[in-house]
1. Quick one: residue 177 ticks every box in (1) over 21 Å from residue 125 (Cα atoms); (2) surrounded by 20 or more Cβ atoms within 10 Å (Cβ to Cβ) bar one, so which box is it?
2. Among what's in the range 46-74 and is of a type in the set (Val, Ile, Thr) and under 50 Å from the mean Cα position of the chain (by Cα), pick the residue that is modelled with the highest pLDDT.
3. Scan the range 208-223 residue by residue and report those that are under 33 Å from the mean Cα position of the chain (by Cα) and open to solvent by less than 60 Å² (accessible area, probe 1.4 Å).
4. For residues that are out of contact with any helix residue (DSSP H, G or I) (no Cβ under 7 Å at 6 or more places or on another chain) and either closer than 19 Å to residue 283 by Cβ or surrounded by 22 or more Cβ atoms within 10 Å (Cβ to Cβ) (or both), tally how many sit in the range 143-157.
5. Hey, can you tell me all the residues within the range 130-142 that are open to solvent by less than 10 Å² (accessible area, probe 1.4 Å) and of a type in the set (S, T, N, Q)?
6. I'd like the full set of residues that are modelled with pLDDT of 95 or more, aliphatic (A, V, I, L, M) and not in a helix (DSSP H, G or I), limited to the range 205-241.
7. List every residue pair whose Cβ atoms sit under 9 Å apart, with the two residues 6 or more apart in sequence or on different chains, where the first one lies in the range 1-16 and is at positive phi and the second, anywhere, is of a type in the set (Val, Ile, Thr).
8. Do we find that residue 88 is open to solvent by less than 20 Å² (accessible area, probe 1.4 Å), closer than 30 Å to residue 133 by Cα, outside any helix (DSSP H, G or I) and modelled with pLDDT under 90 in this structure?
Amino acid sequence: MDIRKLHYFIAVAEALHFSRAAEKLNMTQPPLSQQIQDLETELGVKLLERNKRQVRLTPAGAVFLEEAKMILSQLERSIKTTQLADQGIIGNLVVGFVDSAAGDIMVDILKGFRERFPQIQLTLHEMTSTQQWQALQDGTIHVGFLRFIEPSKHIEYRTFTNESLVAVLPEKHSLTSQPVISVSSLVKEPFILFPRHLGASFHDLILGFCAQHGVYPHVVQEAIQMYTIVNLVAANLGVSIVTSSVAVFRRSGVVFRPFVESVPAVPLYTAWRTDVNKSVLSAFLRTVEEVGSTAMDSR
């Protein structure tokens, strides 16, 4: 059905006068009358009762008037929605992140993105780096904030930030009296660490840093989530080494201390699939770059 016929019918049905409707449509009356007749023929239903004195809707015509208005309204919404999607103003994005990335900067990014693009639905998943990499490969997430990267045809990435390593100590540990500690002072301590099978690069970076200074951690407990590691340290089960961003947890019972030694940089990458909605993805990555840079500069 030609959508113009709906416009013609609505104009006549609301004016109940062919001449006035034709004037409103900027056309002459004969072709307008013909269009209404064609519409009735197409539907097989009489929509208007007309004589020399008046035009009025049939019961079927009254129903069709409401339906025609809804159709045009939905069409207008569909066009607008499509245009907004093309502009990256609406859509959906699934984002994965490691728990150590869920600090102030990530909060600033998510808040900034929500304020700028309230009609884009963000779905967030806390995942290990290994889980995120697999999810990116599978397409179950669109963007990830993770600790390692491998070459991939369908995934691009950039370094989001570089962090340092800090020690996590129980609040009453003897080393907490020192503002800066040496990693060698942890040589006899029981350690709580992130398991290697869920993040070999991060695990090996910590062990490599320790080994460089003659420390070979005795691991008494492993934990997947950084806040779990911090809680276990608070329970006095051991010490740990984590990224500096973990200090934002501010949990009572623990103390974070920087190392006197030069520590390796711990990168956090932003990675994304190249086959997702380009407009929505670009909007998010732009926010990551702009809000992330501003937040980091202010620290």
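1. All conditions pass for residue 177, except number (2).
2. The initial filter retains those residues of the range 46-74 that are of a type in the set (Val, Ile, Thr), namely 55, 58, 63, 71.
Now restrict to residues that are under 50 Å from the mean Cα position of the chain (by Cα): 63, 71.
Numbers: 63: 94, 71: 91.
Ranking the candidates gives 63 first.
3. Result: 223, single match.
4. Qualifying residue count for the region: 2.
5. Let us first name the residues in the range 130-142 that are open to solvent by less than 10 Å² (accessible area, probe 1.4 Å), namely 132, 135-136, 141.
Selection gives 132 alone.
6. 215, 219, 220, 235, 237, 239, 241 - these are the residues of the range 205-241 that are modelled with pLDDT of 95 or more, aliphatic (A, V, I, L, M) and not in a helix (DSSP H, G or I).
7. Partner pairs satisfying both residue conditions: 16/55.
8. Values: open to solvent by less than 20 Å² (accessible area, probe 1.4 Å): yes; closer than 30 Å to residue 133 by Cα: yes; outside any helix (DSSP H, G or I): yes; modelled with pLDDT under 90: yes.
Against the criterion (open to solvent by less than 20 Å² (accessible area, probe 1.4 Å), closer than 30 Å to residue 133 by Cα, outside any helix (DSSP H, G or I) and modelled with pLDDT under 90), residue 88 qualifies.
The values are calculated or read from the model by the stated rules, or taken from the named source; none is laboratory data. Here the structure is a predicted model, which means the values were calculated and not measured. As a convention, Cβ positions derive from the backbone with ideal geometry for all residues, glycine included, and neighbour counts pool all protein chains shown. Protein only, heavy atoms only, side chains kept; ligands, DNA and RNA dropped before computing areas. Shrake-Rupley method; radii C 1.70, N 1.55, O 1.52, S 1.80 Å.
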